[in-house]
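*Asks:* Have a look at this one before I ask anything.
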């Protein structure tokens with residue numbers, strides 16, 4: 001379990017195809033990672049296979065490649081990082097499973113005084129459970145939905161701190177991002193669907 005509060009920026013040192021999946025070596029600020037530990041990389045929970053002095057290695061299986069944009073990653077790619085929540089930690093964002101629900105695309109970027117507004121085109125199943133002022137995770141960052149300009153578009157508002165401490169400040173029109181819908185919304189939708197049937 002995670003909170004969507006990014007605690008480090010990593011850089012892909014190597015991206016290689018391995019056994020039908022992908023192996024990523026990520027330079028990171030974490031110096032005490034243990035093999036088997038979970039780390040959210042751009043909002044996707046991955047298991048540390050090896051911990052190196054200034055980096056760690058993870059294996060991305062085919063099912064994860066199919067629902068994320070990891071297949072596009074190359075050396076130099078900057079990524080948002082978060083270590084798993086420990087019992088007793090502050091829940092600064094919202095409950096994030098780091099299970100990517102789909103890939104969204106930046107439809108527009110606009111500046112509104114001190115905030116940067118991003119409109120994101122998201123998959124239909126994400127749009128259905130997303131509400132204004134509800135929570136959404138974008139590339140591992142816990143955010144509040146500012147508005148829903150269209151049925152399949154959600155708008156997020158990025159404050160200066162988020163722009164400085166995550167990779168979201170680098171996003172431009174056409175960029176693809178990992179999206180995780182709010183877990184509560186997904187459970188409610190699933191229960192209502194089961195009740196209908």
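*Asks:* Which residue out of 28, 108, 51, 55 is in the same structural domain as residue 148 (by TED's automatic domain parsing), touching a strand residue (DSSP E or B) at 6+ places or on another chain (Cβ under 9 Å) and at negative phi?
*Replies:* When all the criteria are applied, what remains is 108.
*Asks:* Right, here's the next one. Just one of the numbered conditions (1) touching a residue at least 60 places away in the same chain (Cβ under 8 Å); (2) within 25 Å of residue 156 (Cβ to Cβ); (3) touching a strand residue (DSSP E or B) at 6+ places or on another chain (Cβ under 8 Å) is not true of residue 91; which one?
*Replies:* The one condition residue 91 does not meet is (3).
*Asks:* Further question on the same structure: Which condition from (1) surrounded by fewer than 17 Cβ atoms within 10 Å (Cβ to Cβ); (2) without any contact (Cβ under 8 Å) to a residue 60 or more places away in the chain is the one that residue 155 breaks?
*Replies:* (1)
*Asks:* Something else: Looking at (1) in the same structural domain as residue 174 (by TED's automatic domain parsing); (2) surrounded by fewer than 17 Cβ atoms within 10 Å (Cβ to Cβ), can you tell me which one residue 89 breaks?
*Replies:* (1)
*Asks:* Within region 1-52, count every residue that is touching a residue at least 40 places away in the same chain (Cβ under 8 Å) and part of a strand (DSSP E or B).
*Replies:* Looking only at that region, the number is 20.
*Asks:* Yes or no: region 163-180 includes at least one residue that is surrounded by fewer than 19 Cβ atoms within 10 Å (Cβ to Cβ) and touching a helix residue (DSSP H, G or I) at 6+ places or on another chain (Cβ under 6 Å). Walk me through how you get there before you give the answer.
*Replies:* Initially, region 163-180 is screened for residues surrounded by fewer than 19 Cβ atoms within 10 Å (Cβ to Cβ), giving 163-165, 169-170, 172-176.
Add one more test, that the residue is touching a helix residue (DSSP H, G or I) at 6+ places or on another chain (Cβ under 6 Å), and what stays is 163, 169.
Checked against the condition, which is being surrounded by fewer than 19 Cβ atoms within 10 Å (Cβ to Cβ) and touching a helix residue (DSSP H, G or I) at 6+ places or on another chain (Cβ under 6 Å), region 163-180 yields at least one hit.
*Asks:* Any residue that is in a helix (DSSP H, G or I) and more than 15 Å from the chain's Cα centre (by Cα) - is there at least one of those in region 80-92?
*Replies:* No, that holds for no residue.
*Asks:* Just a yes or no: is a residue in region 167-177 under 17 Å from the mean Cα position of the chain (by Cα), over 22 Å from residue 65 (Cα atoms) and touching a residue at least 60 places away in the same chain (Cβ under 8 Å)?
*Replies:* yes
*Asks:* State whether the residues of region 53-60 include one that is surrounded by fewer than 16 Cβ atoms within 10 Å (Cβ to Cβ), more than 14 Å from the chain's Cα centre (by Cα) and without any contact (Cβ under 8 Å) to a residue 40 or more places away in the chain.
*Replies:* Looking through region 53-60, at least one residue is surrounded by fewer than 16 Cβ atoms within 10 Å (Cβ to Cβ), more than 14 Å from the chain's Cα centre (by Cα) and without any contact (Cβ under 8 Å) to a residue 40 or more places away in the chain.
The values are calculated or read from the model by the stated rules, or taken from the named source; none is laboratory data. Worth saying up front: this structure is predicted, and the values here are computed from it rather than measured. Quick reminder, even Gly has a Cβ in these numbers, built from the backbone with ideal geometry, and neighbours come from all protein chains shown.
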